[in-house]
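Novice: Dropping the structure in here first, questions after.
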Amino acid sequence: MQPYYLKLSMAAVIAGLLGLLVWWVYDFGKLHGVTELASLRDKYTLLVQQNEEVVEVNSSLREQVAILERSSQIDRQATGEVQDELGALQEELHAARDEIEFYRGIVTPGDGKPGLRIHRFTLSAEGQSRNFDYDLVLTQLKNNDRYVTGQVGWTISGKREGVLEELDLAAVSEIGVAHLDFRFRYFQRLTGVISLPEGFHAEEVVLSIKTTGKNAPEPLLQVFNWPDAEPEDGR
């Protein structure tokens, strides 16, 4: 009987080592996730500081312009250069504020509900053409200790010659893809161009966010009006 107990003991030792290995892998992944989140918060803090510095420089330049305009000996060329620099700084300020708001929405969301969500979706027309630029940002809140993967499907509803019609992404994308793939932990931005066929008048687009893997939740569906992409109640 001794060999049987010896085999049983060896199996118990191996099981214990495997358990320790699984715990180590989990703990390492969790620590790595905390590090990534800390890096994201540091970038957000740095952007806030840069925004404050740009605001101070912007205020100083405004005072300089006011003084030069009140002076009877204004150097027109110098004033123009200052105003050009002021305009450039104002553009930089707006860009910094937009980026700060973007990261603020990810780091500190309003409702704080966990899970995958559409953080932002916009459509903008390219002049008078039938082309539209899309900008889709997906986020994952509180469950970001691991990567989330999946696909984004599109259904564009509209009319052609008065007849209701639906188009998928493959029918309007330049490269004919059927869906958009994603893989991220905190957020991912998906951008591109779609082109509507002649005679088709889009009314709304439904985005279907489907995750892959075991115990995947039901697809997330959200409806957006066309072309302003204002969200309606989710379906």
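Read-outs: derived from the displayed coordinates by stated rules, not from any lab. These numbers were taken from a predicted model, which means no experiment stands behind them. For neighbour counting, all protein chains shown are included, and Cβ atoms are generated from backbone atoms with ideal geometry for every residue, glycine included.
Novice: Taking the Cα atoms of the stretch 115-225, report the difference between the largest and smallest coordinate on each principal axis, in whole Å and largest first.
Specialist: Over the stretch 115-225, Cα extents along the principal axes are 48, 26, 23 Å.
Novice: What does the charge count near L220 come to, summing +1 for each Lys or Arg and -1 for each Asp or Glu among other residues with Cβ under 9 Å from its Cβ?
Specialist: Spelling it out: positives minus negatives among the neighbours equals +1.
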